[in-house]
Amino acid sequence: MSLNLRKCLVMFGNTSNSSIDQISSSLNMQIGVLPVRYLGIPLVSRRLLAMDCRCLTLKLVDKIQAWTSRCLSYAGRLQLIQATLSGILNFWITNTVLPKATLMECEKIMRGFLWSGSADKRRAKVSWARVCAPKDEGGLGLRRAIDCNKAAMMRLVWDILTDRSSLWVRWCKAEILKGCTLWRMEPKQAHSVTWKNILSLRAQVAANMVYSVGINSSWSLWHDPWFQNCPFISRLGSRVIYDSGLSRDATVSEVISDSAWNWPVHVEQFREISIACAEIPIGQHDSISWQSSGQHFSFKSAWESIRASYPGVPWAKIVWSKGAIPRHAFCLWLSFHKAHLTKDKLQNIGLIQCSLCSFGCGQQESMNHLFFECPFTKSVWSKVLEFNILSISNSLQLGEHCLLGFRTH
């Protein structure tokens, strides 16, 4: 394979005209000017703005308008969000730091499509935060765009710490770190948005790292979070460096002697640490793992570590049982969240004046009443459940038997 020079551009920054002419003539390439788009993503020499990402939101809207979305059920729209819209967004998320306004706009578009079939903002039946939770926690299995963008940036931190063999890592170490470790790097105004995000995520990455200490360990004693996921400099302060008599550039190997820990006895702050370190084995080589020994970084585990979590729900296996029809499962999911627009809710928002049951029993229509307490619907459920040879004695038993019927079918 060879390059097609007619399709290649060379970009310059802070370069003299003579150098530009010399380099471009040697490469036999045209001179390009930023911004340009590469693989659909805008390349700019400044902070990426929401205006630069307008093409992303327009692409999502165009996809929605191309579908006959108003004829789709909630379950059908959910499938399209998971299969198409999220895929388009994830490609951008894993390749650049998107502005928060763009991430929120993308979520707004997907939220509107889920509940109304269009990109317009409509009243949601369940909060988007709860929708973007795992199914066993009462959600639909979607993910918040902001959390995914952070997880993608955490991967860059991991690549630098593990010295991944890539051009980007080599460039960062040569041009940005310049011999300094990632843990000692101080944030600067001149840093790019990507690097500001990388430095801000160091604590969250450190919380998931597992250090294995070698006999000739090169980890920084003060700055690497090798002990309980927190650097000594943050835990004990900079005064301890002077008290210990060790240098600021000291490594962990300087407190190891004959394959055993050997902490300075005159430093009071080290007494509890020396006791805790007795349980840390000393191996042959240094190594870093993710969350547990021997494990490598994964996007899913990084996302799990930063997302908002909810208590597990006991009805998840009932709703998402094997072989369940997606349309019916979504309807049942709405029922457990009490999200159906029954008459009591419509009256509360001022759309109707009367909230009496539509079946003429004279009681107020609510979720519990409509499904379990209304004489008419109770008789319908009884007839349905007779096929399972179930006897109904009261509304509570009816509710339990309904759940059993959903689970067995």
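Values in this text are rule-based calculations from the coordinates and carry no lab data. Computed from a predicted structure; not experimentally measured. We place every Cβ from the backbone using ideal geometry, glycine too, and count neighbours over all the protein chains shown.
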Original post:
Ranked by Cβ crowding within 10 angstrom, fewest neighbours first, how are L114, L98, L80 ordered?
Top reply: L80, L114, L98
Subject >> Added length on full extension, which subtracts the Cα-Cα distance from 0.36 nm per residue, C331 to F376 >> reply: 14.2 nm
Original post:
So, in nm, how far is label W128 from label D159 when the simple model puts each one 7 Å beyond its Cα toward the Cβ?
Top reply: 2.8 nm
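Please say if the stretch 12-93 is rounded, prolate or oblate, where rounded means a/c under 1.5 for a ≥ b ≥ c the square roots of the C-alpha gyration tensor eigenvalues, and otherwise the choice is prolate for a/b larger than b/c and oblate otherwise?
Taking the square roots of the gyration eigenvalues as a ≥ b ≥ c, the stretch 12-93 is prolate.
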**OP:** Describe numerically, in nm with one decimal, the distance between label points set 7 Å from Cα along Cα→Cβ at S116 and at A83.
**Re:** 2.5 nm
Original post:
Taking only DSSP H segments of four or more residues, each worth -39500 (n - 2.57), what value at 222 nm results for the chain once the sum is divided by all its residues, to the nearest 500 deg cm²/dmol?
Top reply: -11500 deg cm²/dmol
**OP:** Count charges around L43 for me, please; just the other residues with Cβ under 12 Å from its Cβ, Lys/Arg as +1, Asp/Glu as -1.
**Re:** +1
Original post:
Taking the Cα-to-Cβ direction at N348 and at Q22 and moving 7 Å from each Cα, how far apart do the two end points lie in nm?
Top reply: 7.4 nm
Original post:
What angle do you read, to the nearest 10 degrees and between 0 and 90, between the alpha-carbon axis of helix 100-116 and the longest principal axis of the chain?
Top reply: 20 degrees
Subject >> Listed values (i) 1.36; (ii) 1.12; (iii) 0.98, entry calculated as Cα Rg over 2.2 N^0.38 Å >> reply: (i)
Original post:
Can you list the lysines whose alpha carbon sits under 29 Å from that of K59, skipping same-chain ones fewer than 8 residues off?
Top reply: K7, K100, K108, K121, K125, K135, K150, K196, K300
Subject >> Debye log10 I(q)/I(0) at q = 0.13 Å⁻¹ for the stretch 209-290, Cα point scatterers >> reply: -0.35
**OP:** Starting from the Cα of S289, step 7 Å toward the Cβ, then list every residue of the stretch 199-229 with an amide N under 11 Å from that point.
**Re:** 210-213
Original post:
Antiparallel DSSP bridges in the chain: what percent, to the nearest 5?
Top reply: 75 percent
